[in-house]
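Novice: Before we start, here is the structure in question, set down as structure tokens.
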Amino acid sequence: LGLPSTIAVITLSYLIILVTALSIASAATNMHVKGGGTYYMVSRSLGIEIGSAIGVPLFIAQALCISFCCMGFAESIHPFFPSTPLSHLGVATLLGVMTLVYYSTSIAVKSQLAIFVVILAALASLFLGKPTPEMLDNLPIQTTLPFWIGFSLFFPATTGIEAGISLSGDLRSPKKSLPIGTILILLTGFVVYLSMAIFVANLLPRQTLITDPLIVQHISLFQPVLIAGIWAATLSSVLGGLLSAPRTLQALAVDGVFPSIFAQEWGKNKEPRMATLFSFSIALIGILYGSIDKIAPLLTMFYLIAYATLNLATGLEELLGNPSWRPTFRVHWSIPITGVVLCLSAMLMINAGVTFAALFFVLTLYLFMKRRNFSKRWEDIWQGFLVFLSRFAIYRLADRQLSARSWRPNFLVLSDSPMQVTPLVHMISAMSQGKGFLTLASIFSPQLIDYDRAERWKKMISSYLKENRIEALVEFCMDESLSSGAKKLLMNYGIGPLSPNTIVL
């Protein structure tokens, strides 16, 4: 790629992650974030159907990321076992880390501190190293890597924030820990990658960097320490994947997207062992049938889709300004929307065909989940979106003189048989041709029915209208007499310019 292009790849990758991190910080400080991380936040904003359509590919990406990191570790130890196939080394790595995670999540999390110390020592060894004279031979450059291929190969290395986000259910204070931890991880990773790129580019000729994939090891001051750092970094990512993927799967199972067996927990730490075993199976398939170069672009696509959706959810929440959206960490709506554009643009530039295939896969999942008719236990953003559009439209209509060309009938049908949809209603529905407005209204004495019964009747009539594909509103009016109730309806029913203009008896 060359240094300028490499810096551009790193900067663009972390720009996308930065915008997403700001969206995560905003969403995390607005709600009580439970297990599932990105999936949980998207599903509680955009609804379970869109959340699951994103959660499934996100889980697959997290599971394949385990394969990706296992294969990276296998390549680093392959020189010590040259006769052993890479896939076998990758499987052995997966089995070792899986054993640790399966029996104790707490030990796996605590081991990250030791891994962090090893990585710091390895970085110090790298920046204190010097090349040998033969490494400085300036040979002619034989190969170059296209920018967007380089981006697709590098981007999965920046998605480490997923590990922390997916552990949201295990954090003592997600509202405080998620924003701070995510942004600190992001800044640390950006500085490390950028420093390494500039350091090796200024130290070594480009051809040496192309031909020697382990060049950082060979120039290190203490090679064993550098090797230990590579192992620590890859094993840390495997650990993070085996902690995050099962929790995303568990959250999907809790919401009924996957079988409930994956929602089960074991032990005092409530570890999702069945979800962990399934994640292990997906990772094992990735190791046996893939390679780093094949897995990385696929990972990039899935992560970009998930991040685009998370940014879209945050951007819409901020733009609509629902009263329920009160994050303590606010970002302007244009920032997450920019993140959506960046994610989709990067996907198209990497591979337009795969982008449309990935979007088709997500759309198919969404339609499938929509047909399952989930019984939601929370309100999503779409109702707020409709209210936002209605508010905008009503105020714009109120400012304009209604022209004859745009006139539409607004029928108010006064019915004395509220529990029946009479032929009169069918006739008026046919007259409006689905282009006007129709309200079915009835007047009751307070002595006849109470408020609760009236609400039950309204729901029954609305259900019947929906079954018969009649678009209509239902309105009940409580009054002592029919005439005064009708007068009250005629004078007060409607909002702004959207009031009845045709009365039907």
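Novice: In the chain, which whole DSSP H runs stretch at least 18 Å along their own axis (Cα) and average -0.5 or higher on the Kyte-Doolittle scale?
Specialist: Numbers: long enough: 3-28 (36 Å, 1.95); 48-77 (43 Å, 1.60); 86-103 (26 Å, 1.47); 105-127 (33 Å, 1.97); 174-203 (43 Å, 1.50); 223-254 (47 Å, 1.20); 273-289 (24 Å, 1.62); 292-320 (41 Å, 1.08); 334-350 (24 Å, 2.18); 352-371 (28 Å, 1.53); 381-398 (26 Å, 1.15); 451-467 (24 Å, -1.43).
Span-like helices in the chain: 3-28, 48-77, 86-103, 105-127, 174-203, 223-254, 273-289, 292-320, 334-350, 352-371, 381-398.
Novice: Then there is this: Which order do peptides 329-341, 236-248 fall in by mean Cβ count within 10 Å, highest first? Walk me through the numbers on the way to the answer.
Specialist: Values: 329-341: 17.5, 236-248: 27.0.
Going by the mean number of other Cβ atoms within 10 Å, highest first, we get 236-248, 329-341.
Novice: A further question on this structure: Could you compute the FRET efficiency for residue 99 and residue 397, with r as their C-beta to C-beta distance and R0 at 41 Å, rounded to 0.05? Numbers along the way, then the final one.
Specialist: Numbers: r = 65 Å, r/R0 = 1.60.
For R0 = 41 Å, the calculated efficiency reads 0.05.
Novice: Which of 192, 19, 490 sits closest to the plus end of the dipole of the chain, meaning its Cα is farthest towards the positive end, when Lys and Arg get +1 and Asp and Glu get -1 on the C-beta?
Specialist: Checking the options against the dipole of the chain, the answer is 490.
Novice: Which one, 76, 250, 304, projects farthest toward the positive side of the charge dipole computed for the chain from Cβ point charges (K/R +1, D/E -1)?
Specialist: 250
Novice: Would you mind putting 297-307, 80-90 in packing order, based on average other-beta-carbon counts within 10 Å, highest first?
Specialist: Numbers: 297-307: 23.8, 80-90: 14.0.
Ranking, from highest mean packing down: 297-307, 80-90.
Novice: When the distances between all Cα atoms of region 295-406 are binned every 10 Å from zero, what whole-number percent does each bin get?
Specialist: Once binned at 10 Å, the Cα pair distances of region 295-406 give 12, 29, 31, 20, 7, 1, 0.
Novice: Using a 1.4 Å probe on the protein chains only, how many percent of the accessible area of region 390-505 belongs to carbon and sulfur?
Specialist: On the way: 4490 of 8150 Å².
Solvent-exposed carbon and sulfur of region 390-505 make up 55 percent of the total.
Novice: Now, a different point. What nm distance separates the two modelled labels at residue 145 and residue 469, each placed 7 Å from Cα along Cα→Cβ?
Specialist: 5.6
Novice: Give the peptides 49-58, 4-13 in descending order of average Cβ contacts within 10 Å, highest first.
Specialist: Details: 49-58: 25.6, 4-13: 17.6.
Final packing ranking: 49-58, 4-13.
Novice: In addition: What FRET efficiency comes out for the pair residue 128/residue 180, r = Cβ-Cβ distance, R0 = 35 Å, nearest 0.05?
Specialist: Values: r = 31 Å, r/R0 = 0.88.
So, using R0 = 35 Å, E works out to roughly 0.70.
Novice: Over 31 Å between C-alpha atoms is what I'm after, so list which of 176/370; 130/176; 370/458; 435/458 land there. Mind showing how you got there, number by number?
Specialist: Numbers: 176/370 34 Å; 130/176 42 Å; 370/458 25 Å; 435/458 23 Å.
Listed pairs above 31 Å: 176/370; 130/176.
Novice: Ok, one more. Would you mind giving the three semi-axes, in whole Å and largest first, of the ellipsoid equivalent to the chain according to its Cα gyration tensor? Write out the running numbers ahead of the final one.
Specialist: On the way: eigenvalues 675, 122, 73 Å².
So the three semi-axes of the chain are 58, 25, 19 Å.
Novice: What size of dipole, in debye to the nearest 20, comes out for the chain about its Cα centre when the only charges are +1 on Lys and Arg C-beta atoms and -1 on Asp and Glu C-beta atoms? Write down the numbers at each step before the final one.
Specialist: Working: 34 positive and 25 negative charges, 187 e Å.
Charge dipole, the chain, about its Cα centre: 900 debye, nearest 20.
The values are calculated or read from the model by the stated rules, or taken from the named source; none is laboratory data. If you're wondering where the values come from, they're calculated on a predicted model, not measured in any experiment. Neighbour counts run over all protein chains shown; Cβ positions are idealised from the backbone, glycine included. Ligands, DNA and RNA are stripped out before the accessible areas are found, and what is left, the full protein with its side chains, is counted by its heavy atoms. Shrake-Rupley method; radii C 1.70, N 1.55, O 1.52, S 1.80 Å.
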